[in-house]
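The values are calculated or read from the model by the stated rules, or taken from the named source; none is laboratory data. The structure presented is a predicted model; accordingly, all values stated were derived computationally and were not measured. Because the Cβ atoms are built from the backbone with ideal geometry, glycine has one as well, and the counts that use them run over all protein chains shown. Remember, those area values only see protein heavy atoms, side chains included, never the ligands or the DNA or RNA. Shrake-Rupley method; radii C 1.70, N 1.55, O 1.52, S 1.80 Å.
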Amino acid sequence: MATAPALPAHLSRAAAVAMDAADPLGPFIGEFTLPEGVIYLNGNSLGPSPTAAIARLNEAAIDEWSKGLVTSWNRAGWFQLPYRLGDRIAGLIGADPGEVVMTDGTSLNLFRMVAAALAMRPDRRVIVMEGSNFPTDNYVIQGLIETLGRGHVIRFAEKAEITAAITDDVAAVVLTQVHYKSAHILDMAAISAQARAVGALTVWDLCHSAGAMPVDLNGCGVDFAVGCTYKYLNGGPGSPGFQFAAARHQADMVQPLTGWWGHAAPFAFDRDYAPATGIGRMLTGTQPILSMIAAEAGIDIAARAGLSATRAKSRALGELFQALVAARLGDAGFGLGSPADAGNRGGHIAFEHAHGYPIMKALISKGVIGDFRAPTTIRFGFSPLYLRYADIWDAVDVLHAIMTTGLWQDPAFAAVDAVT
Ligand SMILES: *Cc1c(COP(=O)(O)O)cnc(C)c1O
């Protein structure tokens, strides 16, 4: 192998170590439990476990469930959790108390929120969506309009086409702020203003923005939003998502999954449904309490770290990764699948490579965990609360070794797993 040219000083490992020493977010790494020898670049898919979450989960299982039994609905505040944690999430996404509930998963929440939006625009039939969005969003709305049977249609528009697609026949604009694959950021303020100007309602999906960057729902005049907590908020596998409805809509909004938790008086056990006042009417049924309890630690960490600092470090980690890949792997066939300017992309970077799948499997075998999205995308997430600059340097070093030794061509890395 030819001797590699020396890296410029600012890309040396020593420079990365020096950045860690000066990093105000550095101490947060001590709040997470991660396996030894792993560099975790997949917090955009499933965040790692906050140590406090594990302790809290144990305590809740033993004290509240095993000992408290059914009394814990009152004594441990279980029944209020969707509201209490919703208010904490509100503080992370530019919403006010009473505008957010934590509940269910994003797919289900999106169904309810879009149904509510469509009901508020009964004379309009068009829904604008980005076709390349994470597919569950498309699937859920396709199922919703099929079963509604009122002739709604989806007008698919990619990033550059969205402005032209928002016309005065649009009922709802349903978009994800940060794209799950490319990480491109849509202009929430401008798109929401345009939707408002033509009388359409907005439903924003914050799955890849909540916990990753400052979000200003009310500052952008957003109508409705959903998001998940198991990605950048480190809530745990399958932790419930959340729904936001601007206060100005709450008295008028209706939704189709009218279960007892959304009733005005659930314990009156009335025969007929009557919606709760406020955001509570967006609930349906009994919540996964242990998962909800486990999620609070991650929400708490995000609030303490602060989203501006989180975003700044995430950008810097991503820029370092990008610069190192360009400097060390410039001829290895990796094409940037994300906006080149870090200001235009969210918390992860996508690269396109014809052999993305075995390369990612080889990386994971060496303790560098990212993920693969068919057909050719590999993603690296820069969730900064448990990542060091030196980890980024080391991750690229491992990638460099895998490419130069050809390890990725080992047949062991060709077999495709069920979850990628
Ligand atoms: C992660 C993600 C989801 C996940 O939906 P679930 O119902 O939690 O499985 C939905 N939409 C987008 C855009 C996502 O990134």
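Odds and ends about this structure:
- Scaling against 2.2 N^0.38 Å puts the C-alpha radius of gyration of the stretch 304-420 at 1.05.
- Here the accessible area of the chain is 59 percent carbon and sulfur, with a 1.4 angstrom probe and all protein chains present.
- Highest to lowest packing among 229-237, 13-21, 87-95, 395-403, scored as the average C-beta count within 10 Å: 229-237, 87-95, 395-403, 13-21
- The label point for THR405 and the one for ALA312, both projected 7 Å from the Cα toward the Cβ, are 3.9 nm apart.
- The C-alpha radius of gyration of the chain, expressed as a fraction of 2.2 N^0.38 Å, stands at 1.03.
- The stretch 311-344 and the stretch 113-176 have Cα centres lying 33 Å from one another.
- Net charge in the neighbourhood of LEU233 (other residues with Cβ under 13 Å of its Cβ; Lys, Arg +1, Asp, Glu -1) is +1.
- Charge tally around ALA316: other residues with Cβ under 12 Å, Lys/Arg +1 each, Asp/Glu -1 each, net +1.
- Accessible area per residue (1.4 Å probe, heavy atoms of protein chains only) ranks PHE28, PHE267 as PHE267, PHE28, with the largest value leading.
- Burial ranking of peptide ranges 328-338, 211-221 (average Cβ count within 10 Å, highest at the top): 211-221, 328-338
- For the cross-link pairs LYS67/LYS231; LYS159/LYS361; LYS181/LYS366, the ones whose C-alpha atoms lie over 25 Å apart are LYS67/LYS231; LYS159/LYS361.
- The mean sequence distance of close C-alpha pairs (under 8 Å, at least 6 residues apart), as a share of the length of the chain, puts its relative contact order at 22 percent.
- Remark: the stretch 223-378 is approximated by an ellipsoid whose semi-axes, taken from the C-alpha gyration tensor as √(5λ), come to 42, 17, 16 Å, largest first.
- Ligands, DNA and RNA are left out, and with a 1.4 angstrom probe the accessible area of the chain is 41 Å² per residue.
- Residues in the stretch 339-362 that a label on ALA190 would reach, taking backbone N under 14 Å of a point 7 Å out along Cα→Cβ: 344-345
- Spin-label pair PHE156/THR277, simplified geometry with 7 Å Cα→Cβ offset, distance in nm: 4.5
- Environment charge at PHE372 (Cβ cut-off 14 Å; Lys +1, Arg +1, Asp -1, Glu -1): +1
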